[in-house]
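Step one of this worksheet: look at the structure below.
The values are calculated or read from the model by the stated rules, or taken from the named source; none is laboratory data. Remember, it's a predicted structure, so these values are computed and weren't measured experimentally. Cβ placement follows ideal geometry from the backbone for every residue including glycine, while neighbour counts extend to all protein chains displayed.
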Amino acid sequence: MLPTFVPEPDRPTYFELVAADRLMPSLKAALIYSLAVLAQRRPSLHYLLDYGDEAFAILTLLLERHSLLSRDASFAESLYGLKRSYAPSDSVLPAKSGSSSQGNGDTNTQGGIPPRASLLSLVFLVGLPYVKSKFDDAFGTPTRNAGLDELGAVDFDNEEPQVERREEVSIRGWDEPSTADSALVDSSVRSVAHKLLVLLLRAYRITWALGKKALRQLYPYLHAIYEGTNFGYSVVYLLMDGEYFSWPLHILGQRISRASPDDLANADQRLAEGRQDLLEWAARGPSAHVQGARAMAQRVASAVHVTALRGAFLLSDNIQSGLIASVLAFKLLEWWYTSAEERLVPATTLPVPPPPPIPAPAAEGISILEDKTLCPLCNKKRSNPALASVSGYVFCYPCIYRHVNQSGSCPVTLEPMLKEDIWKLYTSG
């Protein structure tokens, strides 16, 4: 029988935390999609689209930092009326000497997350998703160029002629040597240096290739541990009255609770006081001993500084709602104009294009059987047929899956192939 408990008034529900946890990935997908649509009309945006992870990480860093400073919560948590409370005694990380734990290790009641805890929160809110996204792209699925040859391992047979040509250049006097002997010595030294450089380059590339191969094999287990740990914490929070919804919160020693009106008022007061101090510092006039044009320049610089700060404050106060509203407005406009174009453009029936030519089998690939109902890999009647989309040949699904998993290529044409290029067929025709 599962344990029962009475939820605390300020304890957020499991569904609130799940919604807050999934908001940023959903927002990233919406922004990337919007940027991709705009890039079709503005090709210059393709450069930003190529670095979408980096651009979103910078945007997330600004949003999360402002939200932590103003609301003691992440961007998503603040939208759901949640806050974070810091408990140094519960943190797995070592507490900094002299930190404000009030001597008893209880939750910080002075208001606001300490700067060190806020910085560590940014690492988990921004850095961890960015690194995981890069690892998912690099090691989540095998790449088409996973072998040592595709990674650029240097072949001495292709490099030696370059060394010989360099020796010929020196011997023929194109480097203007003083004597033939000095040219030969210089050629020998450069030849040795070149061979050493090639050795170092080859060792580096082989080491990098082996490291990538090891990470590619190890990453599924790391990903399973990561997701399994998050799932375990969420189950404990849902069924067993757990204090932490995720393991990053446990490491940071931060609990999530609902923000009361007093909490919001205190956060607004701290933010207003900090902004007022910053504006007073920026609005300070020139010193008494500064006169003339220099004093005027300092007054103008102070006015520009104050105006820029006020603009930044206004932007940060409205960026949360503005960002969500802009995505919704973009989707609405896209739907509106798509519907209008469908009404204006008459439906036309285009002729069916001819099929592409069948790729020729490679000399080192397997041979094609005369009986088209047999699988070329197992030489038996196909069961659960699947298509290799890079070549168009059909095999048994288990046979082609096993072959692609081992070699990463089509067995007939030897074209590079991924597991995603295997298309299951639901007819035997």
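Can you name the residue in region 363-386 that is among the small types (G, A, S) and surrounded by 11 or more Cβ atoms within 10 Å (Cβ to Cβ) and is also nearest to I422 (Cα to Cα) among such residues?
A386
Go through region 217-231 and give me each residue that's over 13 Å from D136 (Cα atoms) and surrounded by 13 or more Cβ atoms within 10 Å (Cβ to Cβ).
T229, N230
Restricting to region 226-257, count the residues that are under 24 Å from D317 (Cβ atoms) and in contact with a Leu (Cβ under 6 Å, 6 or more places away or on another chain).
Qualifying residue count for the region: 1.
Give the residues of region 30-68 that are β-branched (V, I, T) and either on the phi > 0 side of the Ramachandran plot or in contact (Cβ under 8 Å) with a residue 12 or more places away in the chain (or both), sorted by residue number.
Result: I32, V37, T60.
Of everything in region 26-53, what is closer than 17 Å to L128 by Cβ and either touching a strand residue (DSSP E or B) at 6+ places or on another chain (Cβ under 7 Å) or surrounded by fewer than 13 Cβ atoms within 10 Å (Cβ to Cβ) (or both)? Give them in sequence order.
Residues satisfying the conditions do not exist here.
So, in region 205-216, how many residues would count as being out of contact with any Phe, Trp or Tyr (no Cβ under 9 Å at 6 or more places or on another chain) and surrounded by 13 or more Cβ atoms within 10 Å (Cβ to Cβ)? Quick ask: steps written out before the conclusion?
Taking region 205-216 first, the residues out of contact with any Phe, Trp or Tyr (no Cβ under 9 Å at 6 or more places or on another chain) are 205-211, 213-214.
Cutting the leftovers down to surrounded by 13 or more Cβ atoms within 10 Å (Cβ to Cβ) gives us 205-206, 208-209, 213.
Of the residues in that region, 5 qualify.
Looking only at region 387-414, which residues are closer than 14 Å to P361 by Cα and either at pLDDT below 90 or out of contact with any strand residue (DSSP E or B) (no Cβ under 6 Å at 6 or more places or on another chain) (or both)?
Result: A388, V390, S391, G392, Y393, P411, V412, T413, L414.
Just give me the residues in region 377-389 being over 40 Å from the mean Cα position of the chain (by Cα) and free of Cβ contacts under 8 Å to residues at least 40 places away in the same chain, in sequence order.
C378, N379, K380, K381, listed by residue number.
Would you check which residues across region 215-241 are touching a helix residue (DSSP H, G or I) at 6+ places or on another chain (Cβ under 7 Å) and more than 26 Å from V131 (Cβ to Cβ) and list them?
Scanning region 215-241 gives a single hit, L238.
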